[in-house]
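Report on one structure; see the data block that follows.
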Amino acid sequence: MLVEQFTHNDRTIEIHTDEDAVNPRKDFDHLGKILYNSSRYVLGDEEADTEEIEEITKSNAIWLPVYAYIHSGVTINTTGFHCPWDSGQCGIIYVTREDALREYGRKRMSKKLVEQVENLLRSEIEEFDMYLRGEVYGYEIKDKEDSCWGSCWGFYGLDYCKEQAKAANATLSLAVTARMLNTK
């Protein structure tokens, strides 16, 4: 579905929703693991009961709560929502300290490293939230005759997709200019 269309370097860039977006929790590598306790919705990597989730939160793992708001759609975050009826904590995202140390190539855990890991876990939730809300996009670059000069899909976030489309179009313009100079 066409979301936005604009002109950049004399070409039209069309931004579309990526109807075939891949689930980032299944198709990409992540440091964190999302445990959730919903039997009606897939809100993470693995369904777990409250006891399993509590066990992780009492362990030495680095974790953040994951909240869901479900009302004619699903959205998740690590800070919570203001609706007491359609939202609440649905699970956690966590990583063991050992895995975090290995990932960052460190021998000891510092306050700064914990902060870095928590920021990474937040970004993983933001990425999965974009997927759940259908905010994955692709672009097509077209000339004045509506011929497609390039396209790419699988961008999580509209602004990121627009930035990448403009960068690809700028590169395309440079390549066309270089080719014209070489043929003279």
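The values are calculated or read from the model by the stated rules, or taken from the named source; none is laboratory data. The shown structure was predicted, so the numbers you read here are calculated from the model rather than taken from an experiment. For neighbour counting, all protein chains shown are included, and Cβ atoms are generated from backbone atoms with ideal geometry for every residue, glycine included.
Take residues that are in contact with a strand residue (DSSP E or B) (Cβ under 6 Å, 6 or more places away or on another chain), hydrophobic (A, V, I, L, M, F, W, C) and under 30 Å from Ser151 (Cα atoms) and tell me which of the helices (runs of 4 or more DSSP H) falling wholly in the stretch 33-139 contain 2 or more.
Numbers: elements: 50-58, 97-104, 111-132.
So the answer is 111-132.
Would you say Gly150 is in the same structural domain as Asn9 (by TED's automatic domain parsing), within 25 Å of Leu31 (Cα to Cα) and surrounded by 11 or more Cβ atoms within 10 Å (Cβ to Cβ)? Steps first, answer last, please.
Numbers: in the same structural domain as Asn9 (by TED's automatic domain parsing): yes; within 25 Å of Leu31 (Cα to Cα): no; surrounded by 11 or more Cβ atoms within 10 Å (Cβ to Cβ): yes.
Considered against the rule, which asks whether it is in the same structural domain as Asn9 (by TED's automatic domain parsing), within 25 Å of Leu31 (Cα to Cα) and surrounded by 11 or more Cβ atoms within 10 Å (Cβ to Cβ), Gly150 comes out as no.
Looking at (1) surrounded by fewer than 16 Cβ atoms within 10 Å (Cβ to Cβ); (2) at pLDDT 95 or above; (3) not assigned by TED's automatic domain parsing to the domain that holds Asp45, find the lone condition where Ala165 falls short.
It is condition (1) that Ala165 fails.
Take the conditions crowded, with 17+ Cβ neighbours inside 10 Å, closer than 17 Å to Met130 by Cβ and in the same structural domain as Ala165 (by TED's automatic domain parsing) and apply them to His16. Does it pass? Give the steps one after another, and end with the answer.
Values: crowded, with 17+ Cβ neighbours inside 10 Å: yes; closer than 17 Å to Met130 by Cβ: yes; in the same structural domain as Ala165 (by TED's automatic domain parsing): yes.
Yes: the conditions hold for His16.
Across the stretch 76-95, which residue is nearest to Ile125 (Cα to Cα) among those that are surrounded by fewer than 16 Cβ atoms within 10 Å (Cβ to Cβ) and not hydrophobic (A, V, I, L, M, F, W, C)? Lay out the reasoning, then the answer.
In the first step, residues of the stretch 76-95 are kept if they are surrounded by fewer than 16 Cβ atoms within 10 Å (Cβ to Cβ); the result is 79-80, 82-86, 88-89.
From what is left, the residues that are not hydrophobic (A, V, I, L, M, F, W, C) are 79-80, 82, 84, 86, 88-89.
Values: Thr79: 11, Gly80: 12, His82: 18, Pro84: 21, Asp86: 19, Gly88: 15, Gln89: 13 Å.
Filtering first and then ranking leaves Thr79.
What are the pairs, 6+ residues apart or on separate chains, where a residue within the stretch 50-78 that is more than 23 Å from Met130 (Cα to Cα) and at pLDDT below 95 has its Cβ under 8 Å from a residue that is among the aromatic types (Phe, Trp, Tyr) and outside any strand (DSSP E or B)?
none
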